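Contents: one structure, followed by commentary.
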Amino acid sequence: MVKVVEVGLRDGLQNEKSVLSTHQKLTLIHKLIAAGIKEIEVTSFVHPTWVPQLADADQLASQLPKNRDVNYRALVPNQRGLERALQTSIHEYAVFMSASESHNQKNINKSIAETFPVLQEVIEKAQMHGKKVRGYVSTVFGCPYEGEVSIKQVITICERLIEMGVYEISLGDTIGVATPNQVKQVLKECLRALPSDQLAVHFHDTRGTGLVNAYVALECGITTVDSSFGGLGGCPYAPGASGNLATEDLVYMLHGMGIDTGVDLEALCQTSRWLEEQLGKKLPSKVLQSYSK
Ligand code: HMG
Ligand code: MG
């Protein structure tokens with residue numbers, strides 16, 4: 001079994017110019033649940049002027065369909081975000097930072113050193129309220145401002161976040177530059193420091209390597225993969241970042257490998273078709289493009 005973490009509502013939409021209404025987002029969530037998706041990152045409690053698409057986070061999070069089988073997640077960058085998240089029933093939070101100084105600064109307006117105490121406080125208080133906390137490390141495979149990123153730096157940050165209490169680190173290829181041998185190398189080194197069940201992967205598909213990178217990660221023993229319906233996505237503070245690895249493409253590959261995901265691929269394609277109509281544009285997933293109904 002591979003855990004597919006659907007990040008389309010957050011990572012997918014955060015870069016979209018046309019803002020969906022809260023009602024449209026809720027419809028999307030209902031459709032995803034009907035398609036068997038169980039892990040859904042629904043929004044971010046970030047500053048609304050930084051990510052206008054997610055300005056309705058509080059409203060959306062207070063109207064989520066009640067379903068015991070579904071784990072709702074949200075990004076929480078700081079204390080203010082935590083206060084907002086705690087007003088909702090979302091059970092799992094994700095803190096995030098980058099392995100490269102310039103992306104961290106552009107993305108969350110702090111140096112790496114300044115970020116740790118902020119995240120430490122969020123993690124501690126979230127745990128006091130019984131919440132699970134995931135950690136994202138961005139720019140693991142390359143930075144839009146600095147280029148190559150040191151694996152040593154990635155590992156130091158991952159270890160520190162784990163010590164601070166996150167249960168898992170999602171390694172982000174924020175701008176979709178990773179290639180399979182690099183993924184193998186980075187994971188080999190990360191797996192020397194952390195067990196496979198504390199690592200997840202988060203590939204953007206900017207250069208068409210998302211799926212093959214996910215395949216390599218699975219071969220390295222990773223069993224949690226982030227993806228986005230239709231391949232929607234990007235990071236507003238990483239120029240050139242495009243969509244995440246598409247959930248349809250990932251699920252198609254996993255089912256072909258005999259790996260269960262619990263996802264109904266046809267229902268998922270219908271969901272992304274519906275979203276294409278709402279956004280008035282085609283989404284990049286290959287499997288979706290080949291879906292003819
Ligand atoms: P800041 O301006 O440095 O915050 O933003 P501040 O602490 O200096 O506060 C300034 C004002 O903002 C204050 O209001 C705060 O209350 C308010 P004032 O007193 O002036 O009226 N404020 C907030 N309001 C609402 N919610 C909040 C919040 N925090 C402060 N949470 C901040 C710092 C982190 C908030 C900002 O930089 C931000 O929102 N950044 C988010 C950027 C973002 O969302 N990026 C995309 C997500 S990460 C990603 O996509 C990568 C990932 O997918 C993995 C990968 O692909 O690699 C995860
Ligand atoms: Mg991302």
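Go over the candidates 233, 240, 256, 210 one by one and state the one that is over 23 Å from residue 20 (Cβ atoms) and at pLDDT below 95. Write out each step before concluding.
Working: 233 fails: over 23 Å from residue 20 (Cβ atoms); 256 fails: at pLDDT below 95; 210 fails: at pLDDT below 95.
Matching residue, one of 233, 240, 256, 210: 240.
Rundown of residues vs (1) hydrophobic (A, V, I, L, M, F, W, C); (2) open to solvent by less than 20 Å² (accessible area, probe 1.4 Å); (3) out of contact with any Phe, Trp or Tyr (no Cβ under 7 Å at 6 or more places or on another chain), yes/no style:
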position: 187; (1), (2), (3): yes, yes, yes
position: 201; (1), (2), (3): yes, yes, yes
position: 211; (1), (2), (3): yes, no, yes
position: 220; (1), (2), (3): yes, no, yes
position: 223; (1), (2), (3): no, no, yes
position: 228; (1), (2), (3): no, yes, yes
position: 264; (1), (2), (3): no, no, yes
position: 268; (1), (2), (3): yes, yes, no
position: 274; (1), (2), (3): yes, no, yes
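Looking only at the stretch 116-144, which residues are within 14 Å of ligand 1 (Cβ to nearest atom) and free of Cβ contacts under 8 Å to residues at least 24 places away in the same chain?
117
For the stretch 33-51, which residues satisfy the criterion of being open to solvent by less than 10 Å² (accessible area, probe 1.4 Å) and aliphatic (A, V, I, L, M)?
Matches in the stretch 33-51: 35, 37, 40, 42.
In this structure, is residue 92 of a type in the set (Asp, Glu) and surrounded by 15 or more Cβ atoms within 10 Å (Cβ to Cβ)?
Yes.
For the stretch 47-70, indicate whether the set of residues that are in contact with a strand residue (DSSP E or B) (Cβ under 6 Å, 6 or more places away or on another chain) and acidic (Asp, Glu) is non-empty.
No, the stretch 47-70 has no match at all.
Cβ-Cβ distance below 7 Å, separation of 6 or more or different chains: which pairs start in the stretch 152-168 with a residue that is within 15 Å of residue 192 (Cα to Cα) and end on one that is assigned to a helix (DSSP H, G or I) and among the charged types (D, E, K, R)?
Listed by first residue and then by second, the contacts come to 155/189.
Please enumerate the residues belonging to the stretch 26-69 that are away from ligand 1 (no atom under 16 Å from the Cβ) and not hydrophobic (A, V, I, L, M, F, W, C).
Passing the criteria: 27, 30, 31, 36, 38, 63, 65, 66, 67, 68, 69.
I'd like the full set of residues that are surrounded by 13 or more Cβ atoms within 10 Å (Cβ to Cβ) and not polar (S, T, N, Q), limited to the stretch 125-138.
Matches in the stretch 125-138: 125, 126, 131, 132, 133, 134, 135, 136, 137.
Quick one: how many residues across the stretch 43-89 are within 15 Å of ligand 2 (Cβ to nearest atom) and of a type in the set (A, V, I, L, M)?
Number satisfying all stated conditions: 5.
Answer yes or no: is there a residue in the stretch 99-115 that is touching a residue at least 12 places away in the same chain (Cβ under 8 Å), touching a strand residue (DSSP E or B) at 6+ places or on another chain (Cβ under 6 Å), within 16 Å of ligand 2 (Cβ to nearest atom) and under 22 Å from residue 197 (Cα atoms).
Yes, because at least one residue in the stretch 99-115 is touching a residue at least 12 places away in the same chain (Cβ under 8 Å), touching a strand residue (DSSP E or B) at 6+ places or on another chain (Cβ under 6 Å), within 16 Å of ligand 2 (Cβ to nearest atom) and under 22 Å from residue 197 (Cα atoms).
Quick test for you: out of 76, 70, 19, 46, pick the one residue that is on the phi < 0 side of the Ramachandran plot, touching a Gly at 6+ places or on another chain (Cβ under 7 Å) and of a type in the set (Val, Ile, Thr).
It is 46.
Yes/no matrix, rows are residues, columns are (1) over 20 Å from residue 102 (Cα atoms); (2) touching a His at 6+ places or on another chain (Cβ under 7 Å); (3) within 16 Å of ligand 2 (Cβ to nearest atom):
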site	(1), (2), (3)
141	no, no, yes
144	no, yes, yes
164	yes, no, no
176	no, yes, yes
196	yes, no, no
200	yes, no, yes
212	yes, no, no
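Among the residues of the stretch 71-83 satisfying the criterion of being more than 18 Å from residue 138 (Cβ to Cβ) and crowded, with 16+ Cβ neighbours inside 10 Å, which is farthest from the chain's Cα centre (by Cα)? Can you show your working first?
Looking only at the stretch 71-83, we keep the residues that are more than 18 Å from residue 138 (Cβ to Cβ), and these are 71-72, 79-80, 82-83.
This time we only want the ones that are crowded, with 16+ Cβ neighbours inside 10 Å, so: 71-72, 82.
Numbers: 71: 14, 72: 12, 82: 18 Å.
Going through the qualifying residues, I end up with 82.
List the number of the failed condition for residue 263; all other conditions in (1) in a helix (DSSP H, G or I); (2) in contact with a Gly (Cβ under 8 Å, 6 or more places away or on another chain) hold.
With respect to (1) in a helix (DSSP H, G or I); (2) in contact with a Gly (Cβ under 8 Å, 6 or more places away or on another chain), residue 263 is out only on (1).
The values are calculated or read from the model by the stated rules, or taken from the named source; none is laboratory data. The structure presented is a predicted model; accordingly, all values stated were derived computationally and were not measured. Glycine gets a Cβ as well: all are built from the backbone with ideal geometry, and neighbour counts include every protein chain shown. The area values use the complete protein model at the heavy-atom level, side chains included, leaving out ligands, DNA and RNA. Shrake-Rupley method; radii C 1.70, N 1.55, O 1.52, S 1.80 Å.
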